[in-house]
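First, the structure itself, so that you have it in front of you.
Please treat every number below as a calculation from the coordinates, not as lab data. Remember, predicted model here, so these are calculated numbers, not experimental data. Cβ atoms come from the backbone with ideal geometry, glycine included; neighbour counts cover every protein chain shown.
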Amino acid sequence: MAEPITIIVNGHWSEWSFWDACSTDCDMTVETRSRSCTNPAPKHGGDSCFGSEQEVRNCTSEAICPGSWSAWVPWSACNPSIGDCGDGAKSRTRTCDNPAPRNGGDSCNGQDRDSLNCRVPCGRKTNATLNCRVPCGDVIKHESE
């Protein structure tokens, strides 16, 4: 009886699938399509398919996407309104770029700047208070000698 013949079969790609539909939601910015190495699949040590199983491209739909705020930056130091000590304010900012509005989407609601009243004490001798010449409670701090 003759020995069976083993035929080596190299793999070939199937047809590409249809492109996935782009979503109207702003988070999806790409679409994909795929194919498989099954036309035929490799057998008996045959070569697998060469190339990628998936293609990706940017969506062409123009979803209207609103902006969203970035995180607040850290608070600034307290800045007295006069001199180096006393009552003042500190501030922080944020930007409407997380993401920025696209295709006519609304800008972020609210303020991009926030501030709080604060006070720099005048009673301690520190670099910030040595030159303080403004009223600090009941005393006026003068430059130390």
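Residues C122, C22, C118, C26: which one is part of a strand (DSSP E or B), out of contact with any Phe, Trp or Tyr (no Cβ under 8 Å at 6 or more places or on another chain) and either among the hydrophobic types (A, V, I, L, M, F, W, C) or within 30 Å of I7 (Cα to Cα) (or both)?
When all the criteria are applied, what remains is C118.
What residue, of E31, E62, E53, is out of contact with any His (no Cβ under 6 Å at 6 or more places or on another chain) and in contact (Cβ under 8 Å) with a residue 40 or more places away in the chain?
Just one listed residue meets the conditions, E62.
S76 versus (1) closer than 30 Å to N109 by Cα; (2) surrounded by 15 or more Cβ atoms within 10 Å (Cβ to Cβ); (3) of a type in the set (S, T, N, Q): which is the lone unmet condition?
(2)
Every residue in the range 90-113 that is assigned to a loop (DSSP other than H, G, I, E, B) and basic (K, R), please.
Answer for the range 90-113, where residues must be assigned to a loop (DSSP other than H, G, I, E, B) and basic (K, R): just R94.
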